[in-house]
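Notes follow once the structure below has been shown.
FYI, it's all coordinate maths here, none of it is from the lab. Predicted, not measured: the structure shown is a model, and the values here were computed from it. Methodologically, a virtual Cβ is constructed for each residue, glycine included, from the backbone with ideal geometry; neighbour enumeration extends over all protein chains shown.
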């Protein structure tokens, strides 16, 4: 059906219907449905309308009821996705995340050569980290706030100094970052941390 297609419905009421208080002998209705308003995979309901053919009100009502049910079904499925019923990805701060969903967190960690380490609170993205500490040269422990992850998260570390290499050991409640210079010696460096895990 194109945007300009229309359907003309003619309904003739018999004498019995007229005796019951209906005063209309013939009802003509013009229905135009733009294609962008049709819902998903809804097929046109029976009966097929043919010009000049008489059709009963019950048949028209049945067809409209079937169309209404299909559209309401699509609306319910879309509503369930929007409500985050657990059937799709659920990222914190991007879509509604139901209990048990996935959590994605990020934070920048400052670490200078003098051994001072801190989380970058100016971004407002580091509330999921309760503390950071420098264990020794090149080793930083990042403690997650209680209840941040239900399982060991998958984390990515990006160093601020391109001459540094890192490795990491992640646990459910914290992650340890080990940074090295090009010769393999421990070296302090700032880094950005992204962790993804189940709530």
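Of the residues 172, 167, which single one is more than 30 Å from the chain's Cα centre (by Cα) and surrounded by fewer than 18 Cβ atoms within 10 Å (Cβ to Cβ)?
Numbers: 172 fails: more than 30 Å from the chain's Cα centre (by Cα).
Every option except 167 fails the conditions.
Which of the residues spanning the stretch 121-145 are free of Cβ contacts under 8 Å to residues at least 24 places away in the same chain, part of a loop (DSSP other than H, G, I, E, B) and loosely packed, with under 15 Cβ neighbours inside 10 Å?
Within the stretch 121-145, 124, 127, 145 meet the criteria.
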